[in-house]
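The block underneath contains the structure these notes are about, expressed in structure tokens.
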Amino acid sequence: MYKTHNNGELRMAHVGQEVTLSGWVQTIRDKGFMMWIDLRDRFGITQLMFNEEVSDPALMETARQCGREFVIKATGKVIERSSKSDKIATGDVEIQVTSFEILNASKVPPFTIEDESDGGDEIRMKYRYLDMRRNPVREKIIFRSNMALEIRKHLIGQNFVEVETPCLIKSTPEGARDFVVPSRMNPGQFYALPQSPQTFKQILMVAGMEKYFQIVKCFRDEDLRADRQPEFTQIDCEMAFVTQDDILNTFESLTKHLFKSILDIDLPDFPRMFYDDAMKLYGSDKPDTRFGMEFVELTDVAKDKGFVVFDNAELIVGICAEGQVEKYSNKDIKKLTEWMQRPQIGAKGLIYVKCNADGSFKSSVDKFFDADALKNWAEKFGAKPGDIMFILAGEEEKTRKQLNELRLEMGERMGLRDPKVFKPMWVVDFPLLEWDEETNRFHAMHHPFTSPKKEQMESMLNGDHETMKGLRADAYDLVINGVEIGGGSIRIHDRALQEKNFKLLGFTPEEAEEQFGFLMGAFEYGAPPHGGIAFGFDRLCAVMNGVTSIRDFIAFPKNNQGRDTMIDAPSAIHDEQYEELYLKSTASEEVVS
Ligand code: ASP
């Protein structure tokens with residue numbers, strides 16, 4: 001037997017018992033006549049004690065051969081420690097070792113297996129099995145497992161059925177590139193890995209499953225960032241005979257359940273905000289509402305007053321940073337302006353109005369606007385003495401986006417984005433279509449299966465180009481602390497409307513039939529009204545832990561180049577594989593030329 005107990009388990013109540021423990025060597029302290037080993041497993045650390053007076057010298061000799069991360073087994077009596085530790089749960093006791101065995105040796109690990117490791121990202125990813133021995137990483141993987149369990153419990157309790165959908169499919173457009181897999185049995189043809197199970201879950205509704213969910217891997221070949229991985233997991237759901245409200249209520253209740261069961265946090269009802277309002281107030285469809293600092297528009301009062309920047313602008317809009325006058329010297333404002341002018345943000349400039357403590361104003365537009373005008377602005381902003389107003393002007397959409405960046409940055413600097421505070425919200429009524437000036441065509445804002453609002457269906461079938469721009473969808477996102485946790489929509493369940501949508505999106509009838517004939521065909525056999533949603537599982541885990549990187553919640557993540565450095569993938573394949581798959585080997589062609 002390797003273990004009578006785990007290493008996080010023993011307490012004073014066990015004193016006197018003989019136990020056997022196994023695990024990894026965390027630390028060894030050797031005083032000659034006495035030595036101690038901290039023995040670690042998934043559950044904790046227990047101190048082993050060797051004492052010349054009671055332990056066999058041969059046994060101590062064996063123990064001395066151990067290094068960090070050796071795998072050992074020890075048997076002995078649980079005794080009360082003379083100097084107790086309140087740092088670990090087993091800190092009142094130790095094991096007086098009477099039998100000891102090295103189960104496996106270990107090389108010296110390339111980084112320290114401690115909460116704060118000395119290893120950089122790349123080395124820790126290459127030796128992920130060592131990294132996962134560290135508490136912070138292991139805890140996140142366990143957190144994820146607990147979440148998955150609670151999701152299943154909650155949804156199955158609500159009559160959902162978990163159904164697995166295939167991984168080798170035909171491309172489903174969710175706006176990213178597909179990963180493709182060549183088919184050996186069908187020369188020259190390829191499967192695509194699902195970007196999401198979208199069409200399958202809709203087919204499940206036609207199949208009468210009514211409430212479907214799946215915790216499912218999705219694959220998108222996109223450029224990577226800290227919060228993106230080429231393969232990631234969604235909590236994917238679909239329901240039949242539902243309205244937008246039914247879906248929001250169901251998944252609000254799931255989210256509340258997860259916060260309560262996992263973090264013991266009671267979330268109040270989630271506010272719902274129209275997409276148009278979110279853009280107007282925050283310049284973003286995923287506002288961080290842990291703090292206010294909402295946008296205030298000045299176009300009406302500040303345009304056509306002789307200041308050319310404002311006069312040429314489509315929109316003049318700003319935010320009020322409370323109590324920041326003292327903190328921002330002219331030099332600081334210059335730095336902030338330069339920050340806004342970086343290509344990532346691309347603002348032309350930044351206008352400020354300081355509301356001084358004595359009630360006077362100091363601004364970068366003093367030449368054009370007198371104290372009365374500035375006072376009027378301050379009233380609009382609700383600005384008090386001590387506050388600074390920051391104002392941007394320019395083309396509407398761009399200016400809002402830039403101000404969103406400034407708002408988030410100011411929120412960060414002012415300590416208003418507390419990772420321990422959670423502000424979930426629904427953003428609803430997204431536009432159905434987005435007009436792309438460059439390619440001169442519409443894109444689906446969510447995806448091509450999203451339904452316009454019921455009252456707009458008629459005008460979608462018959463309206464003109466401008467009408468299409470105004471279409472709104474029953475499409476919604478769950479946002480927590482400025483992070484998009486997930487989104488979904490009520491779907492089209494009618495063939496004619498789906499055909500029309502494909503047409504607007506630039507599909508020829510043949511292309512639509514070729515790619516999605518199976519779905520439109522299914523709609524002809526009694527498709528119920530339906531809709532659904534998908535949450536990013538990795539992201540939800542990260543947000544609930546107050547961190548931005550999703551990597552640690554994935555047992556074996558890829559790096560920024562999309563590589564798994566532990567197994568060294570992707571990798572070349574053999575010539576025979578190219579042949580079998582009817583592929584041309586570019587590698588061998590290069591050799592030939
Ligand atoms: N398939 C969508 C997505 O992955 C979610 C949905 O519409 O249910 O974003």
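The values are calculated or read from the model by the stated rules, or taken from the named source; none is laboratory data. Note that the structure is predicted; figures quoted are calculated from it, not measured. Backbone-built Cβ (ideal geometry, glycine too); neighbour counts: all protein chains shown. Only protein heavy atoms, including side chains, enter the accessible area calculation; ligands, DNA and RNA are left aside. Shrake-Rupley method; radii C 1.70, N 1.55, O 1.52, S 1.80 Å.
Observations
- Inter-residue pairs, beta-carbon under 7 Å, first modelled with pLDDT under 95 and in segment 156-174, second part of a loop (DSSP other than H, G, I, E, B) and away from the ligand (no atom under 13 Å from the Cβ), 6+ apart: SER171/ASP178
- Of everything in segment 548-576 that is open to solvent by 60 Å² or more (accessible area, probe 1.4 Å) and aliphatic (A, V, I, L, M), the residue that is farthest from the ligand (Cβ to nearest atom) is ALA572.
Here's the yes/no breakdown for (1) in a loop (DSSP other than H, G, I, E, B); (2) open to solvent by 60 Å² or more (accessible area, probe 1.4 Å); (3) under 17 Å from VAL71 (Cα atoms):
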residue: GLN96; (1), (2), (3): no, no, no
residue: SER106; (1), (2), (3): yes, no, yes
residue: GLY119; (1), (2), (3): yes, no, no
residue: PRO136; (1), (2), (3): no, no, no
residue: PHE143; (1), (2), (3): no, no, no
residue: MET147; (1), (2), (3): no, no, no
residue: GLU150; (1), (2), (3): no, no, no
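- Complete set of residues in segment 274-314 that are more than 30 Å from LYS453 (Cα to Cα) and acidic (Asp, Glu): ASP300, ASP304, ASP311
Okay, residues lined up against (1) over 26 Å from the mean Cα position of the chain (by Cα); (2) closer than 24 Å to ILE480 by Cα; (3) at pLDDT 95 or above:
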position: GLY359; (1), (2), (3): yes, no, no
position: PRO385; (1), (2), (3): yes, no, yes
position: ALA393; (1), (2), (3): yes, no, yes
position: GLU396; (1), (2), (3): yes, no, yes
position: GLU405; (1), (2), (3): no, yes, yes
position: ARG441; (1), (2), (3): yes, no, no
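Condition check ((1) loosely packed, with under 13 Cβ neighbours inside 10 Å; (2) of a type outside the set (S, T, N, Q)) across all residues:
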residue: THR4; (1), (2): no, no
residue: ALA13; (1), (2): yes, yes
residue: SER22; (1), (2): no, no
residue: ILE28; (1), (2): no, yes
residue: LEU39; (1), (2): no, yes
residue: PHE43; (1), (2): no, yes
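- Count of segment 231-264 residues, restricted to those that are out of contact with any His (no Cβ under 6 Å at 6 or more places or on another chain), within 21 Å of GLY482 (Cα to Cα), open to solvent by 50 Å² or more (accessible area, probe 1.4 Å) and not charged (D, E, K, R), is 2.
Matching residues to (1) farther than 30 Å from LYS260 by Cβ; (2) of a type in the set (D, E, K, R); (3) crowded, with 17+ Cβ neighbours inside 10 Å; (4) within 15 Å of the ligand (Cβ to nearest atom):
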{"position": "PRO424", "(1), (2), (3), (4)": "no, no, yes, no"}
{"position": "LEU432", "(1), (2), (3), (4)": "yes, no, yes, yes"}
{"position": "GLU438", "(1), (2), (3), (4)": "yes, yes, no, no"}
{"position": "HIS446", "(1), (2), (3), (4)": "no, no, yes, yes"}
{"position": "THR450", "(1), (2), (3), (4)": "yes, no, yes, yes"}
{"position": "SER459", "(1), (2), (3), (4)": "yes, no, no, no"}
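- Complete set of residues in segment 121-134 that are within 23 Å of ILE28 (Cβ to Cβ), open to solvent by 40 Å² or more (accessible area, probe 1.4 Å) and in a helix (DSSP H, G or I): TYR129
- Residue in segment 392-412 that is in a loop (DSSP other than H, G, I, E, B), open to solvent by less than 60 Å² (accessible area, probe 1.4 Å) and out of contact with any Pro (no Cβ under 6 Å at 6 or more places or on another chain) present: no
- Spans of strands (runs of 3 or more DSSP E) in segment 156-243 with at least 1 residues under 20 Å from ASP538 (Cβ atoms) and within 13 Å of the ligand (Cβ to nearest atom): 211-219, 231-240
- Where helices (runs of 4 or more DSSP H) fall entirely within segment 487-559, those with at least 3 residues that are touching a strand residue (DSSP E or B) at 6+ places or on another chain (Cβ under 8 Å) and not aliphatic (A, V, I, L, M) are at 537-544.
- The requirement of being within 30 Å of ASP370 (Cβ to Cβ), out of contact with any His (no Cβ under 6 Å at 6 or more places or on another chain) and modelled with pLDDT of 95 or more is fulfilled somewhere in segment 268-281, by at least one residue.
- Check on GLY32, more than 20 Å from GLU101 (Cβ to Cβ), over 47 Å from the mean Cα position of the chain (by Cα) and in a loop (DSSP other than H, G, I, E, B): yes
- Any hit, segment 461-473, residues being in contact (Cβ under 8 Å) with a residue 60 or more places away in the chain, among the hydrophobic types (A, V, I, L, M, F, W, C), touching a Phe, Trp or Tyr at 6+ places or on another chain (Cβ under 8 Å) and within 16 Å of the ligand (Cβ to nearest atom): no
- Where a residue in segment 11-31 is of a type in the set (A, V, I, L, M) and its partner, wherever it lies, is part of a helix (DSSP H, G or I), with Cβ under 9 Å and at least six apart: ILE28/ALA63; ILE28/ARG64
- Options HIS530, HIS493; residue that is within 16 Å of the ligand (Cβ to nearest atom), at pLDDT 95 or above and touching a Pro at 6+ places or on another chain (Cβ under 6 Å): HIS493
- Those residues of segment 45-68 which are in a loop (DSSP other than H, G, I, E, B) and open to solvent by less than 10 Å² (accessible area, probe 1.4 Å), in sequence order: SER55
- Contact map, segment 551-565: residues that are more than 10 Å from ASP121 (Cβ to Cβ) paired with residues that are of a type in the set (Val, Ile, Thr), Cβ distance under 6 Å, separation 6+ or inter-chain. Pairs shown: ASP552/VAL137; ALA555/ILE141.
- Looking across segment 330-352, the residues that are open to solvent by less than 50 Å² (accessible area, probe 1.4 Å) and outside any helix (DSSP H, G or I) come down to ILE345, GLY346, ALA347, GLY349, LEU350, ILE351, TYR352.
- Annotation for segment 306-321: no member residue is under 32 Å from the mean Cα position of the chain (by Cα) and either closer than 21 Å to MET544 by Cβ or open to solvent by 40 Å² or more (accessible area, probe 1.4 Å) (or both).
- For segment 368-391, the tally of residues that are open to solvent by 40 Å² or more (accessible area, probe 1.4 Å) and not aliphatic (A, V, I, L, M) stands at 10.
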